[in-house]
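To start, the structure itself, in structure tokens.
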Amino acid sequence: MHGDPRGELPAWRRLLGACATGLVAGVVGSLLGGVMWPPSAPALRGERHDALGATSPAVRRARHRPRVLLVGTFDGRKGQYSTIQAAVDAAEPGDTILIGPGDYHTQDDLVHPPTPRAAALGDFGAVLVTTPRLTIRGMDRSSVIVDGTEPGSSPCDPAASAQDPGPPDPAGGSYGNNGIVIYRAGTVTVQYLTVCNFLGGKGASGNGVWWNGGSETGRIGLHRYWGTYLTATTTYYGNPTVAPTYGIFANSAAGPAGWSEIYASNFDDAGMYVGACQQACDITVTHAWMEYNALGYSGTNSGGAVVIEHSRFDHNQDGFDTNTQIYSDPPPPQDGDCPGHETSPITHTRSCWVFMHNVVEDNNDAHAPVAPGGYASAGPVGTGMTVSGGRNDTVMDNTFADNGAWGVLFVPFPDKDHPFRGVTCAGSGGHEVAGFGCVYDPEGDALLHNTFTHNGYWENPADADFGQITLFGHEPLNCFAGNDAPDSSVPADLERLQPRCHGLSRRADTGGALLAQVECDTGCGLCPNGTVYPRPTTSGVVLHPLPKDLATMPDPCEGVPDNAWCKGGKPV
């Protein structure tokens with residue numbers, strides 16, 4: 001094209017451009033630069049693990065009877081270790097670490113500061129686990145606290161003076177900190193404890209419990225992981241440069257894996273996150289509760305078998321968001337197609353990514369923590385669930401209620417980041433659009449047999465129970481069937497027009513007024529006259545205390561070999 005190209009762009013491109021431009025300001029690319037995989041620097045901690053979380057020769061030699069290592073004091077009986085990190089360092093594959101009640105201000109990241117490369121990969125934390133096949137278990141969910149505040153502070157102290165900024169960055173500032181980091185160590189289970197107040201910074205940081213296979217490497221670096229009865233929160237926001245980011249987090253990690261009875265609140269990206277696991281995620285999340293976050297759940301480029309069930313997402317800015325990106329947490333796309341072209345026993349289709357039997361309600365919180373310019377900040381306020389450039393995902397048998405804008409949205413994701421090495425836009429299913437980067441449409445997704453109640457009550461134009469925007473034609477159709485949706489869909493009659501998930505679309509469909517409304521709600525475009533959506537601001541952030549009714553473990557000694565605290569699977 002010649003002359004002023006904006007004068008020749010269709011309306012959707014003009015609207016989308018503001019969002020694509022506004023979201024470029026991620027720090028991940030500059031942080032990692034040309035980090036290659038596997039890391040070769042001998043100074044990087046964790047020489048005992050390899051890229052798949054398998055044991056090195058030094059560890060394989062330690063074939064011993066599994067032990068139980070005790071941290072702190074339980075019922076007046078003192079354990080062998082006073083710090084969690086000391087027990088982790090002493091543990092060998094197959095061991096169990098039990099942690100007595102207490103407020104643990106463990107700071108391994110200060111004792112062993114990360115190199116710049118390790119900081120970029122997320123290979124640092126208050127507790128750093130690099131030994132595979134461990135179980136790390138608190139004796140009580142609410143009273144075993146891994147605390148990111150300074151030693152001597154009260155548990156999860158909200159005072160600014162009590163916060164620990166993490167290890168210093170030689171270039172200035174701080175790297176931030178993480179809570180429990182399981183770095184490239186497979187088959188590690190973390191249970192029955194609380195993490196709080198781990199701040200963000202210049203490194204890969206701000207995460208509560210993190211199964212990390214190698215952040216932003218494009219490779220699976222960890223296999224098999226589990227977390228149960230975990231709580232992650234923060235009582236301190238500060239500002240967007242230090243605000244805690246994720247509660248319970250897994251990336252570049254493959255299954256089989258599972259999270260159950262987990263809770264997270266007050267995070268400026270997401271309460272929980274599963275990403276960068278290609279078609280090998282193989283995770284089931286059940287009985288999770290995510291509230292008061294920017295996003296209740298976020299999942300970038302997470303595909304294959306992902307099942308999220310019997311969980312609750314409420315009072316977030318956007319309850320649930322799964323998306324495709326061309327750089328962050330590579331490789332793209334987010335694709336729920338079953339590995340090996342198999343058939344899901346749940347959907348009886350080739351969609352193994354399933355969101356079912358969940359309650360998604362009251363996700364209207366414009367006062368949740370916010371990171372302006374980040375992708376999470378663009379989650380549309382008042383939306384129960386957003387599938388952004390995802391494909392082959394199934395959303396079935398859920399309840400969506402009291403979300404002010406939309407119950408569910410299927411929308412494109414524009415990404416102006418540079419492609420990850422070896423990745424092309426077309427090769428990953430996107431469309432290169434001048435000025436907007438790589439744009440991924442939602443394709444082949446299914447919305448089936450869900451119940452919608454009182455969504456879209458803000459009554460802006462195009463607010464509805466569910467909606468769809470596609471910017472390109474000749475793509476796999478999304479389908480809509482059997483939903484109880486009294487507030488209808490946008491475009492209208494989606495169930496009549498697209499009742500089956502097979503075949504290709506004939507043309508793009510921006511949903512009439514829907515595109516402009518979504519752009520307005522996300523802050524990526526000008527708002528049409530008369531349209532009002534609440535806007536998150538850093539000055540308006542409100543943090544919430546933990547609920548008092550979180551489920552705890554029936555027996556912390558279950559399955560544990562006899563030790564000073566447990567006999568016959570019961571507390572002494």
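Computed from the coordinates by the stated procedures, all read-outs in this text should not be read as laboratory data. Note that this is a predicted model, so its numbers are computed, not measured. Cβ atoms come from the backbone with ideal geometry, glycine included; neighbour counts cover every protein chain shown.
For D147, the shell of other residues with beta-carbons less than 10 Å away shows a net charge of -4, using +1 for Lys and Arg and -1 for Asp and Glu.
Can you tally the net charge around D417? Count Lys and Arg as +1, Asp and Glu as -1, for every other residue whose Cβ sits under 14 Å from the Cβ of D417. Neighbour charge sum, excluding D417 itself: -2. Here the relative contact order of the chain, from alpha carbon pairs under 8 Å that lie six or more residues apart, stands at 11 percent. Projecting label points 7 angstrom from Cα along Cα→Cβ for R500 and H348 puts them 1.5 nm apart.
First measure r as the distance between the Cβ atoms of Q80 and S154, then evaluate 1/(1 + (r/R0)^6) with R0 = 25 Å and state the FRET efficiency to the nearest 0.05.
Once the sixth-power term is evaluated, E becomes 0.40.
Between S142 and A551, full extension at 0.36 nm per residue minus the direct alpha carbon distance yields a gain of 146.3 nm. Ranking of L447, L514, L504, L110 by neighbouring Cβ atoms within 10 Å, starting from the fewest: L504, L110, L514, L447. Estimated purely from DSSP H runs of n ≥ 4, each contributing -39500 (n - 2.57), the mean residue ellipticity at 222 nm for the chain is -2000 deg cm²/dmol once divided by its residues. Spacing of the modelled spin labels on A564 and C527, each 7 Å from Cα toward Cβ, amounts to 6.1 nm. Relative to the longest principal axis of the Cα atoms of the chain, helix 11-22 runs at roughly 20 degrees. With a ≥ b ≥ c the root eigenvalues of the C-alpha gyration tensor of region 185-267, is it rounded (a/c under 1.5), prolate (a/b larger than b/c) or oblate? Oblate. Bridgeable lysines around K567 (alpha carbons under 17 Å apart, same-chain partners fewer than 8 residues away excluded): K78. Distance between the pseudo-spin-label points of H418 and S539 (7 Å out from Cα toward the beta carbon): 3.7 nm. Once the Cα-Cα distance is subtracted from the 0.36 nm per residue extended length, the A481 to S161 segment shows a gain of 109.8 nm. Dividing the mean sequence gap of close Cα pairs (under 8 Å, 6+ apart) by how many residues region 311-541 holds gives a relative contact order of 19 percent. Ordering R184, R496 by the number of other Cβ atoms within 10 Å of each residue's own Cβ, fewest first, gives R496, R184.
Among DSSP bridges having both ends in region 311-541, what percentage is antiparallel? Round to the nearest 5.
Expressed as a percentage, antiparallel bridges in region 311-541 total about 20.
Taken over region 369-438, the alpha-carbon convex hull comes to 127 cubic angstrom per residue. Counting other Cβ atoms within 10 Å as a rough exposure proxy, the listed residues T245, T453, T322 run T453, T245, T322 from fewest neighbours to most.
According to the calculation over all Cα-Cα pairs in region 311-541, the P(r) per 10 Å bin from zero is 8, 34, 39, 17, 2 %.
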